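The values are calculated or read from the model by the stated rules, or taken from the named source; none is laboratory data. Source: prediction; values computed, not measured. All Cβ positions, even for glycine, are placed from backbone atoms using ideal geometry, and neighbour counts span all protein chains on display.
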Amino acid sequence: MRKTLLALSLVAASAPVLAADYSDDIHKNDYKFVNFNLMYALNEKPQPKSAGNSGHDYLEMEFGGRSGIFDLYGYVDVFNLTSNDNDENDKKDGETQKIFMKFAPRVSIDALTGKDLSFGPVQELYVATLMEWDGGIGGVNTQKVGLGSDINMPWFGKMGLNLYATYDSNANEWNGGQISTNWFKPFYTFGNGTFISYQGYIDYQFGMKESAGSTASNGGAMFNGIYWHSEHFAVGYGLKAYYNVYGIKDNLDIGGGDELQSSGFAHYFDVTYKF
């Protein structure tokens with residue numbers, strides 16, 4: 001599931017990165033966006049080893065923006081739009097969930113207090129939260145809370161950087177932490193105003209424990225996307241690297257002579273319409 005922050009629009013991505021100052025107007029940086037992404041994922045992890053080099057299509061509604069003290073990013077994925085129970089793929093109906101949802105609201109501490117809290121590369125601070133849910137019994141159901149920030153990095157410009165503690169609602173206990181970063185960097189602009197961007201994210205989990213259902217103490221994923229953007233459309237390819245993703249130890253025995261692969265690489269193909 002693609003977790004890039006397309007919330008960084010062309011305007012936001014190309015604007016100078018300055019310290020946040022909300023002493024005069026907390027709505028000065030407001031914006032919003034909605035995208036529909038038609039995706040195809042090949043070898044997405046985790047997946048049974050028996051699935052081989054299989055993939056699946058899905059539709060993603062991606063949304064977010066800024067309003068006063070609130071910063072929001074989220075998406076809803078619906079899998080296997082053109083598949084049925086007889087199709088062989090890594091998200092075959094009846095074996096995995098049909099839907100996945102992610103919501104990541106943040107509250108700006110700068111805007112809330114009316115103070116400029118920037119220092120060094122840190123431009124703005126947030127109370128950051130992250131909720132992930134797939135709707136199934138025993139499936140993904142986690143809530144994360146921590147400290148978030150926007151930072152200014154060489155070449156990349158504005159990036160998000162968040163540190164969370166993770167609560168697993170299935171196990172009813174706290175289970176380690178997560179550090180996440182994301183970026184959206186236009187690096188080549190054509191004469192007609194369209195541009196090519198390098199966009200992606202890193203999610204790394206650590207300190208996970210078996211009592212909460214994890215079989216690996218650490219793991220994560222990194223998405224690297226190259227996208228062409230126009231005002232209303234985008235087309236892109238992403239390479240995603242996994243390592244013990246979701247705290248699942250790679251090649252975990254799942255019975256029947258099969259293993260669950262949680263490390264490796266996946267390919268993502270995307271066509272986007274921007275509202």
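Yes/no matrix, rows are residues, columns are (1) hydroxyl-bearing (S, T, Y); (2) surrounded by 15 or more Cβ atoms within 10 Å (Cβ to Cβ); (3) modelled with pLDDT of 95 or more; (4) in contact with an Asp or Glu (Cβ under 8 Å, 6 or more places away or on another chain):
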position: S14; (1), (2), (3), (4): yes, no, no, no
position: A19; (1), (2), (3), (4): no, no, no, yes
position: Y22; (1), (2), (3), (4): yes, yes, no, yes
position: L38; (1), (2), (3), (4): no, no, yes, yes
position: A51; (1), (2), (3), (4): no, yes, no, yes
position: G65; (1), (2), (3), (4): no, yes, yes, yes
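Scanning the stretch 235-255 for residues that are within 21 Å of the chain's Cα centre (by Cα), part of a strand (DSSP E or B) and β-branched (V, I, T) yields a single hit, V235.
Looking only at the stretch 103-114, filter to residues that are under 20 Å from Y201 (Cα atoms) and surrounded by fewer than 19 Cβ atoms within 10 Å (Cβ to Cβ); which one of those is nearest to the chain's Cα centre (by Cα)? Don't jump to the end; show me each part of the working.
Taking the stretch 103-114 first, the residues under 20 Å from Y201 (Cα atoms) are 103-106.
Going one step further and asking which of them are surrounded by fewer than 19 Cβ atoms within 10 Å (Cβ to Cβ), we end up with 103, 105.
On the way: F103: 9, P105: 13 Å.
Only one residue fits best here, namely F103.
Is it the case, given these coordinates, that M159 is within 29 Å of F269 (Cα to Cα) and loosely packed, with under 15 Cβ neighbours inside 10 Å? Talk me through it step by step, then tell me what you get.
Details: within 29 Å of F269 (Cα to Cα): yes; loosely packed, with under 15 Cβ neighbours inside 10 Å: no.
Judged against the criteria, M159 is not a match.
From the list S217, S262, the one residue that fits, being small (G, A, S) and surrounded by fewer than 20 Cβ atoms within 10 Å (Cβ to Cβ), is S217.
Could you please find all residues in the stretch 18-46 being within 25 Å of the chain's Cα centre (by Cα) and aromatic (F, W, Y)? Listed by number, the residues that qualify are Y31, F33, F36, Y40. Is there any pair with a first residue in the stretch 181-206 that is outside any strand (DSSP E or B) and a second that is among the β-branched types (V, I, T) whose Cβ atoms are under 9 Å apart and which are 6 or more apart or on different chains, and what are they? Correct list of pairs: F190/I196.
Those residues that are in contact (Cβ under 8 Å) with a residue 40 or more places away in the chain and either among the aromatic types (F, W, Y) or touching a Cys at 6+ places or on another chain (Cβ under 8 Å) (or both), I need them from the stretch 24-35; list them, please. I'd like the intermediate steps shown before the answer.
Within the stretch 24-35, the first condition is being in contact (Cβ under 8 Å) with a residue 40 or more places away in the chain, and the residues that meet it are 26-27, 33-35.
Within the stretch 24-35, F33 is the sole residue that qualifies.
Listed by first and then second residue, the pairs linking a residue in the stretch 115-141 that is surrounded by fewer than 15 Cβ atoms within 10 Å (Cβ to Cβ) to a residue that is of a type in the set (K, R), with Cβ atoms under 9 Å apart and 6 or more places separating them unless they lie on different chains, are G135/K98; G136/K98. Listed by first and then second residue, the pairs linking a residue in the stretch 36-50 that is on the phi > 0 side of the Ramachandran plot to a residue that is among the charged types (D, E, K, R) and crowded, with 19+ Cβ neighbours inside 10 Å, with Cβ atoms under 6 Å apart and 6 or more places separating them unless they lie on different chains, form an empty list.
If you go through the stretch 21-43 one residue at a time, do you hit one that is assigned to a helix (DSSP H, G or I) and of a type outside the set (S, T, Y)? Checking the stretch 21-43: not a single residue is assigned to a helix (DSSP H, G or I) and of a type outside the set (S, T, Y). Filtering D87, D150, D110, D93 for residues that are within 24 Å of K32 (Cα to Cα), at pLDDT below 95 and either out of contact with any His (no Cβ under 7 Å at 6 or more places or on another chain) or not acidic (D, E) (or both) leaves a single hit, D110. Once the stretch 68-82 is narrowed to residues that are surrounded by 16 or more Cβ atoms within 10 Å (Cβ to Cβ) and part of a loop (DSSP other than H, G, I, E, B), the residue that is modelled with the lowest pLDDT is N80.
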